[in-house]
Structures are given as structure tokens and as C-alpha cells.
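First up is the structure itself, then whatever we jot down about it.
The values are calculated or read from the model by the stated rules, or taken from the named source; none is laboratory data. None of the values given here were measured: they were computed from a predicted structure. Every residue, glycine among them, receives a Cβ derived from its backbone with ideal geometry; neighbour counts consider all protein chains shown.
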Amino acid sequence: MKVAVFPGDGIGPEVTREAVRVLEALDLPGLTLFEGDVGGIAYKRHGHPLPEETRAIARSCDAVLFGAVGDPDCDALERHLRPEQAILGLRERLMLFANLRPAKVLPGMEAASSLRPEIARAIDLLIVRELTGDVYFGDKQRFVCQNGERGGRDVMAYIESEVRRIAHTAFRAARGRKRRLCSVDKANVLETSQLWRDVVIETAAEYSDVELEHMYVDNAAMQLVRDPGRFDVIVTGNLFGDILSDQASMCVGSIGLLASASLGERQTEYGTFGLYEPIHGSAPDIAEQGRANPMAAILSTAMMLRHSFGREAEAGRIEAAVALALADGVRGSDLGGHAGTSEIGDAVLERL
Ligand code: NAD
Ligand code: IPM
Ligand code: MN
């Protein structure tokens, strides 16, 4: 069982270190880790945010554990050299089109939410975000108008096969949950979204046991804070999913709690090849202070064990250890507490 570990920038290495400690504590026979550079650190060391060496490691492994990328020093670089191209490049090259971002309020954690506890209590949802299409991967241009004004253009596009495969992922996920699917789009304005909605409706014919509704993204953003308990599975495009998942994290309590799995179709000897990462970024504002909450990274290893290695029992053990630590009052600064990154790692390890 080969795992590529790409810590990246900012708090990426700090939270990944704790995730790896938890993974290694399980002592799984045959588990081998291979580290690689991504993001700003890779640009500084190798001149590229996703060097060929790193790509080769990813290709040769059964799963990727990813920290975070992003470095303010690199924000002025040409776009293809910016740290973020590492994660976008991995998603595209490894064809990881399905991004699963679960958001759940654990019993006793209601007060951590930005919402009132009685509203937060009911949150148990899964955002299925399309990850390799949309305005992220369309043509991009800077241009100059005839009057000399500068302009920018990013093409938003989906083709039906891209929508159909993510719709299947979402319907199947709903089948394993409460059988309710909400497809989020902006079909009242965007042609891309009308195609999205048409294809989701066609796909629904194969899932008569799943209740499907459609919601415009502006309303979805509102409903997510008004009555988040109404959602089971949300399926949406790349850009809307990015935004709604950060919002969902604060409905739960912190962006430092939300993990993700990015999956494609490739099967390995052990399960589905995937990339696992917290939904948060490199958090330059708190980097190198030992204050980052590693729980999202730790929970990402649980998702990896579940989806890429068929190790449901070990995944459950990690999730239970994190839940116990939270129940015992272990809180990082993001949750109003004082526990540092390695202290939180220790607390999870003890309970594991
Ligand atoms: P961010 O998620 O890095 O940080 C947003 C806020 O949340 C910050 O105040 C940060 O301190 C806090 N935060 C994030 N994770 C935390 C944790 N584990 N514990 C405690 N607090 C935490 O988003 P941003 O500031 O918009 O972006 C910073 C950089 O990260 C940018 O370069 C961006 O492109 C990049 N980014 C990368 C990824 C990724 O690698 N997948 C994801 C999001 C953003
Ligand atoms: C995320 C991040 C990335 C995204 C960035 C860093 C490219 O925000 O994983 O949520 O927009 O997908
Ligand atoms: Mn994001």
C-alpha cells in the first residue's frame, strides 16, 4: 500500500505531520510513504509547483495525502507557476473528478458553529463537488479593449459526460445515506447550468429511490445557514462547490475540521485511487506558529483508508479518536481553545 505524501506550503507540512503520525500509529502491514514537493516550496526547489519527480511519485502510488499549497511570495508569478497549479494539475492529470466533502456536527459540538446550536445540531451533509471542469479549466485570457481598458475572461463550460459521471457519483452517495439529493446550479442565468440541470434530471431516471431537488446557488448559500439540516447530499459544479464547502465548514465550526476525498475511476489492488486533503489552504496568517488545527488532515487519512484501501475499521477508529478528543474539550485556536497543532495530534493519538 503506497501512499504519496505531499505536505506543500504554510500549515500544509504542520498538519500533514500529525496526519502521518496518526497513520503510522495504526501500524498497517505493507504501508509505505513516499514524500514529494508541491506548491511554492516545489517552485523554490525545482522551478515548478508540480515537478515531474512529484508527478511520477503520484502515478506510482495507490493514494495521495496532500497538505495545502499557496504562498503569498508566489502570487505575482505567471499563473502556470503559481503554487495552486500543483493541486489543480494533480486533479486534472489524475482525473479526480469527484470531490467528496462531508460536513457533520458531532453531538456536543453545536456551540462551535457560527449558527445557533439548535440550527447547527442537525447538520449532516455531503457536498459532492465536480473537480476537473467548469470555469476552473476553461480558456483564460487577459485582453485589452479598443479604448485601452484591460479585461479578463474565463470560460465556464461543461460537457454532458462530465455532468453525468458526477451525477452518478452523487446519486450513489445519496443511496448510502438518506436518499436525498439537492443539485445546485444557476440555471436561471447560465447555459452551463441549464445543461447541468438537464443532465442531472436525465440521470435521475436510474435512481427512482433517491429524492431529487434543484436549487439555485444563491438560495443554496442562504438555506445552508437558515436550515442546513434540510440537506443530505449536495451535488454541484467546481466553483459553487468550492465556495459552499468553505461556508459549510463554519456551519460545522471550523475549516480546520473538514476533510475531503478526490476520486476518479481508477481502481488499484486495494480500492479506488484518490487524493485526500483538508478543504482549507496553507493559512499563511498562522503558518509556523504551531497553531493550525490538524484534525481536517487527520480525518483526510481516515477517508483515504476507507476509499483507497478498504480499511473501514481503521477509518472508523481515526474518526472516533478525533470525535473523542473533541468531546473531551480538545480545541485549537480556530475553535476558541489553546491546543497547538502537535498537542491536538497527541490528543488524537492517545485516544486512538
Ligand atoms: P485558508 O483556508 O488557507 O485560510 C482561511 C482562514 O482560515 C485563515 O484565517 C486561516 O488561518 C484559517 N485556517 C485555515 N485552516 C486552518 C486550520 N487548519 N486551523 C486553524 N485555522 C485555519 O484560505 P486563504 O487564506 O484564502 O488561502 C491561503 C492560501 O491557500 C492561498 O494561496 C490559497 O490559494 C491556498 N489554498 C490552497 C488550498 C489547497 O491547497 N487545497 C485550499 C484553499 C486555499
Ligand atoms: C480548494 C482550494 C482550491 C480550489 C485552490 C487552492 C485551487 O480552494 O481545494 O478548495 O479552488 O479548488
Ligand atoms: Mn477552496
### Task
Take the range 173-190 and flag every residue that is over 18 Å from G241 (Cα atoms) and in a helix (DSSP H, G or I).
R175
#### Entry: Selected residue (only one of F231, F273 is surrounded by 20 or more Cβ atoms within 10 Å (Cβ to Cβ), of a type in the set (F, W, Y), out of contact with any Asp or Glu (no Cβ under 7 Å at 6 or more places or on another chain) and in contact (Cβ under 8 Å) with a residue 12 or more places away in the chain)
F231
### Query
Taking E52, is it in contact (Cβ under 8 Å) with a residue 12 or more places away in the chain and in the same structural domain as F273 (by TED's automatic domain parsing)?
no
## Note on the structure
The condition from (1) out of contact with any Asp or Glu (no Cβ under 8 Å at 6 or more places or on another chain); (2) among the aliphatic types (A, V, I, L, M); (3) farther than 18 Å from L100 by Cβ; (4) crowded, with 16+ Cβ neighbours inside 10 Å that A327 misses is numbered (4)
#### Entry: Residue count for the range 70-104, restricted to those that are over 18 Å from Y276 (Cα atoms), free of Cβ contacts under 8 Å to residues at least 40 places away in the same chain and either of a type in the set (D, E, K, R) or near ligand 1 (Cβ under 10 Å from one of its atoms) (or both)
5
### Task
From (1) within 24 Å of A19 (Cα to Cα); (2) in a helix (DSSP H, G or I); (3) in contact (Cβ under 8 Å) with a residue 40 or more places away in the chain; (4) within 16 Å of ligand 2 (Cβ to nearest atom), pick out the condition that doesn't hold for S308.
(4)
### Query
Do any helices (runs of 4 or more DSSP H) entirely within the range 1-86 hold 3 or more residues that are under 19 Å from the mean Cα position of the chain (by Cα), and if so, which?
12-25
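To keep it simple, each residue is scored yes or no on (1) of a type in the set (D, E, K, R); (2) touching a Cys at 6+ places or on another chain (Cβ under 9 Å); (3) surrounded by fewer than 22 Cβ atoms within 10 Å (Cβ to Cβ).
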site: E149; (1), (2), (3): yes, no, yes
site: R165; (1), (2), (3): yes, no, yes
site: A173; (1), (2), (3): no, no, yes
site: A187; (1), (2), (3): no, no, yes
site: L212; (1), (2), (3): no, yes, yes
site: M222; (1), (2), (3): no, no, yes
site: R226; (1), (2), (3): yes, no, yes
site: S254; (1), (2), (3): no, no, no
site: L258; (1), (2), (3): no, no, no
### Task
State yes or no: is P29 out of contact with any His (no Cβ under 8 Å at 6 or more places or on another chain) and free of Cβ contacts under 8 Å to residues at least 24 places away in the same chain?
yes
### Message
Here's a check for you: in the range 276-303, which residue that is within 14 Å of ligand 3 (Cβ to nearest atom) and aliphatic (A, V, I, L, M) is farthest from L324 (Cα to Cα)?
### Response
A283
